[in-house]
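Here the structure comes first, spelled out in structure tokens, and everything after it is commentary.
The values are calculated or read from the model by the stated rules, or taken from the named source; none is laboratory data. Predicted model, so just to flag it, every value in this text is computed and none were measured. Backbone-built Cβ (ideal geometry, glycine too); neighbour counts: all protein chains shown. Note: areas computed on protein heavy atoms with side chains; ligands, DNA, RNA excluded. Shrake-Rupley method; radii C 1.70, N 1.55, O 1.52, S 1.80 Å.
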Amino acid sequence: MTTPTMNAPASTAPAPTESQLSPSESVLQSMYESAKRLHLSAEVVALLRTSWREVRAQLPVRMDDRKLRIFEGYRVQHNGARGPYKGGVRFHPKADLDEVRALAMLMTYKCALMDLPFGGAKGGVMCDPARMSQTELNRLTRAYTQHIGMVLGINRDIPAPDMGTNAQTMAWMMDAYGQRYGYTPGIVTGKPVELGGSQGREQATGRGVALCMREYAALEKQNPADIRVAIQGYGNVGSWTARIASQQGFKIIAVSDVKGGIYKAGGLDVAEVNRWFAVAGSVAGFTGATPITNEQLLEIDCDYLVPAALGEAIDGTNAREVKARAVIEGANHPVTLAGDEVLSRRKVTVLPDILVNAGGVTVSYFEWTQNIQQFRWSLERVNDELERRMVSGFAELMSRAAKDGTRPRQAAFDIAVERVGKAILLRGFV
Ligand code: NAD
């Protein structure tokens with residue numbers, strides 16, 4: 001074994017400043033640091049540095065006004081040493097290739113950390129789904145599936161929903177793929193239950209976040225009822241986190257979405273917030289709580305802060321204002337490297353995304369397994385299996401961090417990079 005030298009800025013070069021780092025470079029930085037601690041060979045590091053395959057496609061879509069619009073879409077397959085590629089598809093105006101690349105890398109390490117038999121991938125289309133009709137989204141999803149279909153497969157690459165996509169998007173993808181390659185429900189996960197989706201998939205990511213909060217509170221010997229939680233983002237991840245964490249007894253004092261946030265020192269009634277959200281389409285405007293901005297939410301006086309919206313929400317500047325004693329990363333890459341440094345100096349614990357939001361891909365794994373076996377699990381079985389895996393993933397990570405004297409994120413990357421590195425060697429990639 002040699003220390004990484006090929007293309008490896010991490011071991012010797014000074015860390016770049018935040019403004020110089022793109023999302024993929026900052027994930028690479030974590031990988032390089034782990035590779036150095038693990039004494040991985042330069043060849044293995046070189047393989048992890050780049051994607052195995054990247055597809056960029058032009059997606060022409062006839063809009064409702066009969067005008068043609070050409071969207072840009074991607075599918076990035078980062079590393080498949082441990083199994084078929086797995087990762088969501090994001091519809092977002094900022095879903096550019098570098099972001100998709102970073103998210104694909106995170107999927108490789110998330111699946112490895114949770115010991116799921118998958119590699120990592122991610123897809124994205126630069127579009128604004130909030131400004132598109134259902135018929136336009138249907139046509140766009142079909143165009144995307146048609147253009148990347150050749151790199152998908154039940155044992156090759158299995159997409160899932162992410163920001164801006166949902167179970168309906170997966171149903172369209174499954175249908176478009178099936179028209180060309182034959183009926184294949186296991187080609188995507190996160191489908192509607194009626195089409196072979198798994199019970200519990202929709203809530204799985206939020207359930208996993210709430211389980212991490214519960215385990216961390218137990219480790220701190222704290223009662224959830226004494227823990228004040230602020231959640232940024234009220235989509236799939238944020239809203240289910242709020243719901244399940246409040247059922248576990250946590251006090252949810254603030255939530256927000258793209259339109260703004262709400263705060264109540266004594267704790268919000270999450271069921272009431274949900275009733276308001278169902279009508280208004282936003283938490284903003286909810287009566288019986290104080291309106292706040294997204295910036296204020298991140299800096300609010302609370303115990304746990306859960307960023308569950310976009311990446312890079314907490315950077316080297318606003319990290320100085322975070323009052324929480326723990327940041328629970330519900331979103332992917334919500335804390336930049338500089339933000340992480342500041343939080344660490346200020347003794348704020350950061351539970352990393354590749355553990356915290358892994359509930360979604362874990363239940364996606366259950367869904368894929370059920371599809372392959374043509375068998376259905378009960379909701380109870382799904383939730384039990386998810387809880388078992390989240391609890392053991394959390395315990396393994398925290399005991400590694402304690403043993404090595406590293407931060408949770410470093411421990412998570414060490415476990416994951418070590419597993420992927422071993423698979424690369426065993427498969428004979430190098
Ligand atoms: P979503 O589209 O359902 O919800 C996103 C939420 O963020 C919405 O409430 C939106 O209003 C809010 N938001 C958007 N821009 C914002 C801004 N500038 N400030 C504040 N809030 C803003 O997406 P999601 O599926 O909940 O995903 C959220 C994050 O979690 C993403 O980083 C995603 O990659 C990650 N994630 C999702 C899953 C999953 O299963 N859905 C799994 C793992 C990770």
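Some points to look at:
- For segment 138-192, the set of residues classified as touching a helix residue (DSSP H, G or I) at 6+ places or on another chain (Cβ under 6 Å) and among the aromatic types (F, W, Y) consists of W172, Y177, listed by residue number.
- One residue from G196, G186, G164 being at pLDDT below 95 and either under 22 Å from the mean Cα position of the chain (by Cα) or not assigned by TED's automatic domain parsing to the domain that holds G249 (or both): G164
- Filter pass, I415 being within 16 Å of the ligand (Cβ to nearest atom) and surrounded by 16 or more Cβ atoms within 10 Å (Cβ to Cβ): no
- Residue match in segment 152-163 (condition: open to solvent by 10 Å² or more (accessible area, probe 1.4 Å), in contact with a Pro (Cβ under 6 Å, 6 or more places away or on another chain) and either within 21 Å of E54 (Cα to Cα) or not in a loop (DSSP other than H, G, I, E, B) (or both)): yes
- Checked across segment 62-73, the condition of being within 20 Å of the chain's Cα centre (by Cα) and either in the same structural domain as N138 (by TED's automatic domain parsing) or at negative phi (or both) holds for at least one residue.
- Sole residue being touching a Cys at 6+ places or on another chain (Cβ under 9 Å) and farther than 27 Å from A395 by Cα, chosen from A271, A254: A254
- No other residue among G197, G235, G190 is under 25 Å from V76 (Cβ atoms), within 15 Å of the ligand (Cβ to nearest atom) and either open to solvent by 30 Å² or more (accessible area, probe 1.4 Å) or among the hydroxyl-bearing types (S, T, Y) (or both) apart from G235.
- Tabulated pairs, segment 171-195, first on the phi > 0 side of the Ramachandran plot, second in a loop (DSSP other than H, G, I, E, B), C-beta under 8 angstrom, 6+ apart or interchain: G190/N166; G190/G197
- Residue pairs whose Cβ atoms lie under 6 Å apart, separated by 6 or more positions or on different chains, with the first residue in segment 47-73 and more than 28 Å from S26 (Cα to Cα) and open to solvent by less than 80 Å² (accessible area, probe 1.4 Å) and the second of a type outside the set (S, T, N, Q) and in a strand (DSSP E or B), are L59/F71; L59/G73; P60/L68; P60/I70; V61/R69; M63/R69.
- Residue in segment 340-387 that is least open to solvent (accessible area, probe 1.4 Å), counting only those that are within 15 Å of the ligand (Cβ to nearest atom) and either modelled with pLDDT under 95 or aromatic (F, W, Y) (or both): F366
- Checklist (1) open to solvent by 50 Å² or more (accessible area, probe 1.4 Å); (2) within 23 Å of V356 (Cβ to Cβ) applied to M126, failing item: (2)
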